[in-house]
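Report on the structure given below.
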Amino acid sequence: MPQTHLIAGNWKMNGLKSALPVAQAIAARSRNHPNARVALFPPATLLPLMAEALAGSAIILGGQDCHHADSGAYTGDVSAAMLKDAGAQMVILGHSERRHGHLEPCALVARKAQAALRAGLEPIICIGETLDQRQSGLTRQVLERQLTDSLPDELGRAAFHVSYEPVWAIGTGLAATDAQIEEAFALIRAHLHRRFGPDFVGHLLYGGSVKPHNARQILALPGISGALVGGASLTAEDFMPIVAGAD
Ligand code: PGA
């Protein structure tokens, strides 16, 4: 039987209530693709509404980020417990749009991962180099540092995902090559083995311009557990061929 892949759609800061039928269409059509675990990461405002609209479906819901504290005086922030309360089972952490747009350091990502685990959420921790770093030959060094500093030790006992997302591939239409993804995965896998032993429960995802035309090839890479999809997750027309890539 083919392996089950996680196909995760990150809506980023997109989606009003009027977009709920898109999620419902994705849920309905996902029934035809039992080899995909489909997850949607809507903006926090839509999460409880989407949970209601998709009740009874197999779609997994998640948050796009969370605060490192469980509650408190943090204006504008959302805690992992709140995401869980709203229907989330997962949370994306350390996305490059947080690392670069909000200057989030690795140590903060690690604290957020601890908060996610406390709340019972499965974290997806993103790492990836910029174009500058790749062109300067720093990719391995950057990925090692992000892994060392963004993954808390507590992950050794939990289910989690590491998503390799080269910053230069996000939203550009230029996905990493198979060889680049495989090289990053080998490094990530070696790190997880060293840190957590051979039986770690971490899964490896790829993100960055996953589209209908390249999804099947990317999902066929050895050892890949799924894909994190941004732009192409906003419509069922674009997202479903990616989900079908897991068949
Ligand atoms: P993209 O985004 O699919 O639009 O490139 C991917 C991501 O941000 O995870």
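The values are calculated or read from the model by the stated rules, or taken from the named source; none is laboratory data. Here the structure is a predicted model, which means the values were calculated and not measured. Every residue, glycine among them, receives a Cβ derived from its backbone with ideal geometry; neighbour counts consider all protein chains shown. The protein model used for the area step is the full one, side chains on, heavy atoms only, and it has no ligands, DNA or RNA in it. Shrake-Rupley method; radii C 1.70, N 1.55, O 1.52, S 1.80 Å.
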| query | Inside region 192-247, can you point out the residues that are among the hydroxyl-bearing types (Ser, Thr, Tyr) and either assigned to a loop (DSSP other than H, G, I, E, B) or more than 10 Å from the ligand (Cβ to nearest atom) (or both)? | reply | 209, 225, 235
| task | Filter region 1-18 for residues that are open to solvent by less than 40 Å² (accessible area, probe 1.4 Å) and either away from the ligand (no atom under 16 Å from the Cβ) or part of a strand (DSSP E or B) (or both) and give the result. | result | 5, 6, 7, 8, 9, 10
| Single unsatisfied condition, residue 158 versus (1) among the aliphatic types (A, V, I, L, M); (2) modelled with pLDDT of 95 or more; (3) away from the ligand (no atom under 16 Å from the Cβ) | (2)
| List, please: which pairs have Cβ atoms under 9 Å, are six or more places apart or on different chains, and start with a residue in region 176-193 that is in contact (Cβ under 8 Å) with a residue 40 or more places away in the chain and end with one that is surrounded by fewer than 16 Cβ atoms within 10 Å (Cβ to Cβ) and of a type in the set (Asp, Glu)? | 187/144; 191/144
| message | Exactly one condition in (1) more than 16 Å from the ligand (Cβ to nearest atom); (2) over 30 Å from residue 29 (Cα atoms); (3) aliphatic (A, V, I, L, M) is false for residue 49; which is it? | response | (2)
| query | Can you tell me which residues in region 155-170 are more than 18 Å from residue 7 (Cβ to Cβ) and either open to solvent by 50 Å² or more (accessible area, probe 1.4 Å) or polar (S, T, N, Q) (or both)? | reply | 157
